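Notes for the one structure printed next.
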Amino acid sequence: MTVAAIRQRVLDHIDSRRELLLDVSHRIHANPELNFEEHFAHGLLTEVLEREGVDVERHAYDLPTAFDARVGSEGPTIAVLCEYDALPGIGHACGHNIIAAAGLGAGLALAPLADELGGRLAILGTPAEEGGGGKVFMIQRGAFDAIDASMMVHPAGAELRFMHTLAIHQLLVDYHGRAAHAAAGPWHGINALDAAVAGYTNVAALRPDERVHGIFTKSGDRPNIVPEHAQAHWFVRSPDVDKLQVLKDRVLSCLEAGAMAAGCEMSHQWLDPPYENMVDNEPLLDRYCEHARSLGRDPISPPAELAVAGSTDMGNVSQRVPAIHPIVQAAPRGVAIHTAAFAEHARAPIGDQAVIDGAKMLALTMLDIWLDEDLRRQVRAAHRPA
Ligand SMILES: [Zn+2]
Ligand SMILES: [Zn+2]
């Protein structure tokens with residue numbers, strides 16, 4: 001069979017499952033589930049895999065909503081990742097229903113070819129991308145130990161080679177003061193909110209090229225009681241893990257200075273797992289973009305106004321194995337993810353086309369890894385965690 005004929009088989013397979021894949025996308029969209037609670041999506045995806053003849057381990061890696069389906073007995077192993085968690089209040093505003101259905105479509109198209117072509121495949125269900133770090137736990141528990149390359153697509157309002165990612169560590173800070181009557185004897189109190197506000201102002205005076213954003217999650221009970229307890233939740237983000245370490249120390253100093261100024265005790269807790277920055281594998285991305293162009297899509301290196309910036313646990317995967325995280329257009333240009341408008345597009349015709357094309361672009365790229373030893377060498381050589 002020629003390469004062209006194999007590619008055509010993969011494309012035909014995905015077209016023949018169009019209804020199935022869109023049904024999966026729409027049903028996950030209609031049942032938004034949060035971090036580690038994605039029982040509906042987990043059940044649906046694993047059931048479809050089995051019905052299509054792919055063995056799957058449910059509740060994999062001690063995570064109730066992760067799964068791991070392996071196909072093939074020898075040769076290079078490619079992982080295709082399915083995310084399926086949603087956001088509080090705005091449902092699938094990050095379009096993870098599209099990620100799940102596209103990953104499923106690519107996996108199902110390659111599965112029947114694995115033994116014939118001498119490749120292996122891992123279809124991984126990775127829960128809790130929106131803050132829970134499902135992939136980080138899966139890395140720690142061995143899911144990526146024997147993976148040669150790993151990929152997924154993420155939807156957005158543009159067609160992009162990559163996403164600008166930042167490494168992130170979340171921080172929870174508690175300030176402890178002493179309550180007192182705010183009118184009768186405020187001098188008897190120690191105001192924990194003053195400490196939190198002073199710390200907040202100190203952080204705001206940092207002017208790094210990084211991103212630090214926080215909110216007060218506790219600020220007191222009543223205006224006439226000097227707050228004895230205040231709490232703030234911070235996201236501390238930096239372009240890479242080394243810079244993040246430096247920034248974390250600076251942020252903590254700012255917050256401690258606030259506590260000291262107000263005479264409060266401060267305690268803090270870094271909320272694990274941290275997300276690392278994404279290192280895109282360029283040779284693999286080149287192939288992905290070639291296949292995208294063959295389907296009439298043209299991923300570009302994002303100009304500032306179209307850049308999708310954020311943090312993802314795919315970054316942690318990319319620090320361990322060669323990986324890509326391209327952006328497939330699933331909404332009109334400029335519609336931002338994490339908005340109600342984006343959630344609408346994620347189940348509309350433009351989102352549906354992203355499912356089908358996303359599956360095809362992934363599958364064709366995965367096929368290249370199996371078939372092209374030269375590419376495998378390039379991919380390995382280009383893998384430089386940073
Ligand atoms: Zn998101
Ligand atoms: Zn997302």
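Annotations for the structure displayed:
- R0 of 35 Å, Cβ-Cβ distance H268-A382: FRET efficiency to nearest 0.05: 0.35
- Extreme residue, positive dipole direction of the chain, given options I99, H59, W370 (C-beta unit charges): I99
- Crossing angle, helix 192-205 versus the chain [Cα axis fit, 0-90 degrees, rounded to tens]: 60 degrees
- Cα-projected label distance for R222 with I90, points at 7 Å along beta-carbon direction, nm: 3.7 nm
- Taken per residue, the accessible surface of the chain reaches 41 Å², heavy atoms only and a 1.4 Å probe.
- Percent of alpha-carbon pairs separated by more than 15 Å within region 1-95: 69 percent
- Compactness of region 134-176, taken as the C-alpha radius of gyration over 2.2 N^0.38 Å, stands at 1.76.
- Rh (Kirkwood; distinct C-alpha pairs) - region 236-373, Å: 18.1 Å
- Ordering of 192-202, 170-180 by packing [mean C-beta count within 10 Å, highest first]: 192-202, 170-180
- Between helix 241-262 and the chain: long-axis angle, C-alpha atoms, 0 to 90°, nearest 10: 20 degrees
- Gyration tensor (Cα) of region 34-163, equivalent ellipsoid semi-axes in angstrom: 23, 16, 14
- Over all pairs of different C-alpha atoms in region 25-78, the reciprocal of the mean inverse distance, the Kirkwood hydrodynamic radius, equals 12.3 Å.
- Lysine pairs meeting the criterion (Cα under 27 Å, 8 or more apart or interchain), as found in the chain: 4
- In a simple Cβ point-charge model (Lys, Arg +1; Asp, Glu -1; nothing else charged), region 173-297 has a dipole of about 400 debye relative to its Cα centre.
- For region 1-128, the dipole from Cβ point charges (+1 on Lys and Arg, -1 on Asp and Glu) about the Cα centre works out to 360 debye, to the nearest 20.
- Cα pair distances exceeding 35 angstrom across the chain, given as percent: 30 percent
- Stokes-Einstein diffusion coefficient of region 186-314, Kirkwood radius over Cα pairs, 20 °C, 1.002 mPa s, in µm²/s: 121 µm²/s
- A simple rule links phi to the HN-Hα coupling: the Karplus curve 6.51 cos²θ - 1.76 cosθ + 1.60 with θ = phi - 60°, which for region 117-127 gives 9, x, x, 10, 9, 10, 9, 10, x, 10, x Hz, with x for Gly and Pro.
- Charged-residue dipole, Cβ positions (Lys, Arg, Asp, Glu), the chain about Cα centre, Debye nearest 20: 620 debye
- All-pairs Cα distance distribution in region 168-255, expressed in whole percent, bin size 5 Å: 3, 15, 24, 19, 14, 10, 7, 5, 2, 1, 0
- Difference of contour (0.36 nm per residue) and Cα-Cα distance, D62 to H164: 33.6 nm
- Theoretical gain in end-to-end length, H233 to A182 [0.36 nm per residue, Cα-Cα removed]: 15.8 nm
- Helix 3-16 vs. the chain, principal-axis angle (Cα, 0 to 90°, nearest 10): 60 degrees
- Three principal axis lengths of region 13-52 [C-alpha, angstrom, descending]: 32, 19, 10
- Of all DSSP-defined beta bridges confined to region 38-177, some 45% are antiparallel rather than parallel.
- From largest to smallest, the equivalent ellipsoid semi-axes obtained for region 197-240 from the alpha-carbon gyration tensor read 27, 11, 6 Å.
The values are calculated or read from the model by the stated rules, or taken from the named source; none is laboratory data. Predicted, not measured: the structure shown is a model, and the values here were computed from it. Glycine gets a Cβ as well: all are built from the backbone with ideal geometry, and neighbour counts include every protein chain shown. The accessibility values were calculated without ligands, DNA or RNA, using every heavy atom of the protein model including side chains. Shrake-Rupley method; radii C 1.70, N 1.55, O 1.52, S 1.80 Å.
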